[in-house]
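Asker: Right, I'll just put the structure down here and ask away after.
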């Protein structure tokens, strides 16, 4: 019997557990809100994954995202090696001294994991499993134990739920708190975090910063969450749309007929940082 259904009834975690325990070989396909993901397994191990069209998972793009190639280098490679497989491209890049074999393995592995971790946040979508269907031999496949994937994916799902609750609006902008240069010198930031720092400006909201750095909603929320916790930045809520004159007059008339609500006390206005700390301690 074919394995198929909806994530409402059978979650990604449960699917991976089943594939792991049964040592399944084949490809799992999930469709959700116009997106389609494919994960391939050999004897219960994750070996390959791609989101959307396979050409969007070109090795040059994967290496660029991982910081192993510049944007210009990736563009040149994609232009010159059209029609070649990822394995052929990888061999050429190693021979030319652009990357090492270790660079390729680590980058491809992380790309596969990033795709799969995203699927843990999908709560709805149609899925089906095709037994013994595997990617072509031209693709680079790397065996990954599902136990570690399930553990990390479940942890990220819990973290995602908290981040989405505490930072629901990616249209909010950011600004530095007092003396950012001095404070940043005392903190060890990753490459991705420095890229985010370079774009922090009241004119840039979180969504724009994420798009500029090819970061997922989860990744940008997690980075901003850490900076908020450290007291490096603070949130600026997007301005509310202006009301028309007629709406303003109508609102004013309703206000005059009602008792004005009591103003919020300073003690009641907890900062985002304090709320985040409170939430994380409660885990």
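Asker: Take the conditions in the same structural domain as residue 33 (by TED's automatic domain parsing), touching a helix residue (DSSP H, G or I) at 6+ places or on another chain (Cβ under 6 Å) and under 24 Å from residue 4 (Cα atoms) and apply them to residue 157. Does it pass? Steps first, answer last, please.
Answerer: Values: in the same structural domain as residue 33 (by TED's automatic domain parsing): yes; touching a helix residue (DSSP H, G or I) at 6+ places or on another chain (Cβ under 6 Å): no; under 24 Å from residue 4 (Cα atoms): yes.
Answer is no for this residue.
Asker: Something else: Given the criterion over 14 Å from residue 146 (Cβ atoms), in contact (Cβ under 8 Å) with a residue 12 or more places away in the chain, buried (at least 19 other Cβ atoms within 10 Å of the Cβ) and within 23 Å of the chain's Cα centre (by Cα), identify the matching residue among 63, 46, 28. Can you show your working first?
Answerer: Numbers: 46 fails: over 14 Å from residue 146 (Cβ atoms); 28 fails: over 14 Å from residue 146 (Cβ atoms).
Result of the check over 63, 46, 28: 63.
Asker: Moving on to the next point. May I ask you to verify whether residue 188 is under 23 Å from residue 67 (Cα atoms), part of a loop (DSSP other than H, G, I, E, B) and within 17 Å of the chain's Cα centre (by Cα)?
Answerer: On the way: under 23 Å from residue 67 (Cα atoms): yes; part of a loop (DSSP other than H, G, I, E, B): yes; within 17 Å of the chain's Cα centre (by Cα): no.
The answer is no for residue 188.
Asker: Might you let me know whether segment 136-145 holds any residue that is in contact (Cβ under 8 Å) with a residue 12 or more places away in the chain, buried (at least 16 other Cβ atoms within 10 Å of the Cβ), assigned by TED's automatic domain parsing to the domain that holds residue 88 and more than 21 Å from residue 68 (Cβ to Cβ)?
Answerer: No, there is no match, as no residue in segment 136-145 is in contact (Cβ under 8 Å) with a residue 12 or more places away in the chain, buried (at least 16 other Cβ atoms within 10 Å of the Cβ), assigned by TED's automatic domain parsing to the domain that holds residue 88 and more than 21 Å from residue 68 (Cβ to Cβ).
Asker: So residue 57 fits all but one of (1) modelled with pLDDT of 95 or more; (2) over 16 Å from residue 27 (Cα atoms); (3) in contact with a strand residue (DSSP E or B) (Cβ under 7 Å, 6 or more places away or on another chain); what number is the exception?
Answerer: Exception for residue 57: condition (1).
Asker: Test residue 150 against the stated conditions and say whether it is under 20 Å from residue 58 (Cα atoms), assigned by TED's automatic domain parsing to the domain that holds residue 12 and surrounded by 15 or more Cβ atoms within 10 Å (Cβ to Cβ).
Answerer: No: the conditions fail for residue 150.
Asker: Going through 203, 155 one at a time, which residue ends up being in a loop (DSSP other than H, G, I, E, B) and either at pLDDT 90 or above or more than 30 Å from residue 70 (Cα to Cα) (or both)? Walk me through it before giving the result.
Answerer: Working: 155 fails: in a loop (DSSP other than H, G, I, E, B).
None of the others qualify; the one that does is 203.
Asker: Condition first: loosely packed, with under 11 Cβ neighbours inside 10 Å and either at pLDDT below 90 or over 26 Å from residue 63 (Cα atoms) (or both). Can you find one or more residues in segment 213-221 that meet it? Walk me through it before giving the result.
Answerer: Step one: filter segment 213-221 for residues loosely packed, with under 11 Cβ neighbours inside 10 Å, giving none.
Among the residues of segment 213-221, not one is loosely packed, with under 11 Cβ neighbours inside 10 Å and either at pLDDT below 90 or over 26 Å from residue 63 (Cα atoms) (or both), which makes the answer no.
Asker: Still on this structure: Sort through 94, 104 and tell me the only one that's buried (at least 18 other Cβ atoms within 10 Å of the Cβ) and in a helix (DSSP H, G or I). Steps first, answer last, please.
Answerer: Numbers: 94 fails: buried (at least 18 other Cβ atoms within 10 Å of the Cβ).
Only one candidate passes the filter, namely 104.
The values are calculated or read from the model by the stated rules, or taken from the named source; none is laboratory data. None of these values were measured; they are calculated from a predicted model. Neighbour counts are summed over all protein chains in view; Cβ atoms, including those assigned to glycine, are modelled from backbone coordinates with ideal geometry.
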